[in-house]
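For reference, the structure discussed in these notes is given below.
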Amino acid sequence: MEGLYNSQSRLEELKGRAKRCCCKYCGGKLEVKRIVFSDHEGARIEIFCDNCQRIEYGTEPEIYQSAKYFVDEMNFNCYADLDDNEKTRQMNIAKVCEIMGWENKNLGFLTKNGFVVPLNMNSNILGESIIIDDEDLQ
């Protein structure tokens, strides 16, 4: 089992993923770290988000942007039982990232190495354009 967590191919996969992906909770940069959780010399190497202080496998940045927009603009909340705060918002974004990632993987658009097709993101849909009504101008 230890060989699985410390193999060279796994290390290369984690490095590539940390470089390409972002945290699905905060959108922050990921890095590969040795996580020391015991006195065992062969502690595991994992992807880690320093901002969230958690082990995080991450998500494609395009998926994070889409999920964040969906949660914020559609007021999506699958954790209605929890307080409405920033932590709950992050959990919702992460859940939508997982759903979008699953869908893209099952449709064949996403592999462990990223998207297999070039993306043509519509920045207008991701909130980079603004619509001003007459009421807003007053």
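Every number in this text was worked out from the coordinates using simple rules, so none of it is lab data. Please read these numbers as outputs of a predicted model, since none were measured by experiment. Cβ placement follows ideal geometry from the backbone for every residue including glycine, while neighbour counts extend to all protein chains displayed.
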Given charges at Cβ of Lys, Arg, Asp, Glu: region 61-126 dipole, positive-most of 120, 70, 85: 120
Cross-link pairs beyond the 19 Å C-alpha cut-off, checked among 33/68; 19/87; 33/87; 19/112; 19/95; 33/95: 33/68; 19/87; 33/87; 19/95; 33/95
Relative counts (whole %) of C-alpha pair distances in region 61-126, using bins that are 10 Å wide: 20, 47, 26, 6
For peptides 54-63, 74-83, 26-35, sequence by mean Cβ density within 10 Å, most packed first: 54-63, 26-35, 74-83
